[in-house]
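Only one structure is covered here, and it is reproduced in the block below.
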Amino acid sequence: MNKLIVSPSPHDENYVKTSNIMLNVIIALLPAWGAAIYFFGMRVIPLTAVCIGSCIFFEYVCRAMMKRSNTVGDMSAVVTGLILAMNLPVTLPYWMAVIGSFVAIVIVKQLFGGLGQNFANPAITARIVLMVSFPAAMTNWIKPLEYDYDAVSSATPLVLAKKGGELPSYLDLFLGKTGGCLGEVCALGLLIGGLYLAARKIISLAAPVSFIGSLFVLSFIAGDDPVYQILAGGVFLGAFFMATDYATTPITTKGKIVFGLGCGIITFVIRRFGSYPEGVSFSILLMNVLTPYIEQLTRTKVLGAKEAEKNEG
């Protein structure tokens, strides 16, 4: 005799596993990562390996010390390490990368309960901590295709724009022949990866399009070169790979649009009026903090639901 089993939804067992989602994100990042190796040399590989390896190590040790189930197999630590590496300059000392991994995994992720419980994006928070703690090392950019890690630091396109220097062409920006972090240089590789994730239905394009679109429009209104503004810096990396994080961004489509608009506006304000030439990381972190409020304001009303009547007197 068959038993009637009562359980809460969802009832579909053909769900996508976390490890499959993370694997797709890794695949999507490979074009931009490969471009970073081409433009900055083989040191990209050990720097990435240090970030990924230390993220896995810290996650394993932290879960063991907290006596919680091991979550290394879901590959989220691998993705965090890879995205962190994409936010670093190729010349960064390895020990600083380990500190960044510790911040991302232990402080931002595990101390808040693990995957899905953290309120901020681990890789972005780690980058900001490293930027504030080691500003010289985090702004040491080498010229692409020279592979001289002891050379005098070159400027990023956004720094050149602020100082009125000779700007790279659109083609150089699109292909990645500029100074910057590993994941900030090749807009083409990031675009391919972002569209791959969208085609696989891993991410929605609502946040990336509203992020990039709002920055483009505001830059145009302000008299800046809007194409240059969206191709330079970490806009594509942030829009496709960090503003779409499941745990730290809104769930609803309206919420994603609001989140992207907020990121675009804050990025524009920091670039235009702030002392930092780049504002993508700060904009996403600030919008991460506002995510619960955005979800509350944009959540779908339950069909047939009635607002609670206020008690009088």
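The residues packed around residue 66, meaning those with a beta-carbon under 13 Å from its beta-carbon, carry a net charge of +3 if Lys and Arg are +1 and Asp and Glu are -1. Taking the longest Cα principal axis of the chain as reference, the axis of helix 18-40 is set at about 10 degrees.
Derived scalar couplings between HN and Hα for the stretch 124-133 equal 5, 4, 4, 4, 5, 4, 5, 5, 6, 7 Hz in order, rounded to whole Hz, by the Karplus curve 6.51 cos²θ - 1.76 cosθ + 1.60 (θ = phi - 60°), x for Gly and Pro. Here the 3J(HN,Hα) profile of the stretch 80-94, calculated from phi with Karplus coefficients 6.51, -1.76 and 1.60 at θ = phi - 60°, is 4, x, 5, 5, 4, 4, 5, 9, 10, x, 5, 8, 4, x, 4 Hz, Gly and Pro shown as x.
Among 192, 202, 44, which residue has its Cα furthest toward the positive end of the charge dipole of the chain, with +1 on Lys/Arg Cβ and -1 on Asp/Glu Cβ? The residue sitting farthest along the positive end of the dipole is 202. If R0 is 30 Å, the Cβ-Cβ spacing of residue 275 and residue 134 corresponds to a FRET efficiency of close to 0.95. Under 5 Å between amide hydrogens, built in the peptide plane, is the criterion, and for residue 141 it picks out 154 among residues at least 5 positions away or on other chains. For the peptides 116-122, 216-222, 188-194, the ranking by mean Cβ contacts within 10 Å, running from highest to lowest, is 188-194, 116-122, 216-222. Here the sum of -39500 (n - 2.57) over DSSP H runs of 4 or more residues, divided by the residues of the chain, equals -18000 deg cm²/dmol at 222 nm, to the nearest 500.
Each residue of the stretch 211-222 was assigned a 3J(HN,Hα) from its phi angle through the Karplus expression (A = 6.51, B = -1.76, C = 1.60, θ = phi - 60°), giving 5, 5, x, 5, 5, 4, 5, 5, 5, 5, 5, 7 Hz with x at Gly and Pro. Amide hydrogen proximity for residue 182: with H placed 1.01 Å from N in the peptide plane, the residues at 5 or more positions away or on another chain lying under 5 Å are 88, 90.
The length gained by stretching the chain between residue 27 and residue 299 to full extension, at 0.36 nm per residue less their Cα-Cα distance, is 94.7 nm. The calculated FRET efficiency for residue 64 paired with residue 37, based on their beta-carbon distance and R0 = 30 Å, is about 0.35. Surface composition of the stretch 18-297: carbon and sulfur make up 70 percent of the accessible area, probe 1.4 Å. Taking every protein chain into account, the accessible area of the chain amounts to 52 square angstrom per residue (probe 1.4 Å).
The values are calculated or read from the model by the stated rules, or taken from the named source; none is laboratory data. Because the structure is predicted, anything quoted here is derived from the model rather than measured. Methodologically, a virtual Cβ is constructed for each residue, glycine included, from the backbone with ideal geometry; neighbour enumeration extends over all protein chains shown. Heavy atoms of the whole protein, side chains included, go into the accessibility calculation; ligands, DNA and RNA do not. Shrake-Rupley method; radii C 1.70, N 1.55, O 1.52, S 1.80 Å.
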